[in-house]
Amino acid sequence: MDERMDQPVGRPRGGRELLTLTAGRRSGLALKRLVLIFGATYLGLVCLTNIVNLVNVVAGTHSRFLNSQNASYIASVVKVYAVPGWFDNLAVLGAALVEGLGAWLFIRALRRFRGDGSGLTEAYQALAWNIAVWFAFIVGTEFFVAYPSESPFRELLGLGFLMALLITLVPDAPSGSSRPGLPEVSEG
């Protein structure tokens, strides 16, 4: 095997590698870490757009940049139950908090996930939180009879399950590579 195949591509950050992309031996690990980066980035961005929405509502401004505009959308959905006017803002705040916590869980998992079992508990915690968030959103839209709104959450829930399967089933290294605790697979 060419020695260069095992060398990281990219730079360490602050003494720790956040993403080690390798050309050969640990490609499964790199893919798993990309899943964690995706989760952190997506939930972080969704959290940010909800915070921008709340700031605009509280300040009485109408900026559209990074504004989810979820408060007005939620108000249009929950009007069927004549809930108090502050409910939509509280719902957006709650969403931002659970999404922000999810982003933090993915970042924590990414920092600790090194393959061969290290950081796996943190990765599963982030993935479970992600699945729970989208399931809760589906239940919420079902409760408020907002069926057209449910579709993206079903897709995100499915994506959450796919991410968990990828972390669980893809080996850190291709067949034939040495992995502690697993038998050597010969290519025959």
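Looking only at the stretch 54-82, count every residue that is under 30 Å from Ala164 (Cα atoms) and either among the charged types (D, E, K, R) or surrounded by 19 or more Cβ atoms within 10 Å (Cβ to Cβ) (or both) and tell me the total. Count: 4. Out of all the residues in the stretch 45-88, which are modelled with pLDDT of 90 or more, farther than 27 Å from Phe106 by Cα, part of a helix (DSSP H, G or I) and polar (S, T, N, Q)? Residues satisfying the conditions are Asn56, Ser72. The residue of the stretch 83-108 that is surrounded by the most Cβ atoms within 10 Å (Cβ to Cβ), among those that are under 24 Å from Arg26 (Cβ atoms) and out of contact with any Phe, Trp or Tyr (no Cβ under 8 Å at 6 or more places or on another chain), is Phe106. For beta carbons closer than 9 Å, sequence separation of 6+ or different chains, a first residue in the stretch 127-146 that is at pLDDT below 85 and outside any helix (DSSP H, G or I) and a second that is aliphatic (A, V, I, L, M) and surrounded by fewer than 18 Cβ atoms within 10 Å (Cβ to Cβ), the qualifying pairs are Phe144/Val80; Val145/Val80; Ala146/Val80. For the stretch 132-148, residues that are more than 20 Å from the chain's Cα centre (by Cα) and of a type in the set (Gly, Ala, Ser) total 1.
The values are calculated or read from the model by the stated rules, or taken from the named source; none is laboratory data. Since the model is a prediction, treat every value here as computed from it, not as a measurement. Please note: Cβ atoms are built from the backbone with ideal geometry, for glycine as well, and neighbour counts cover all protein chains shown.
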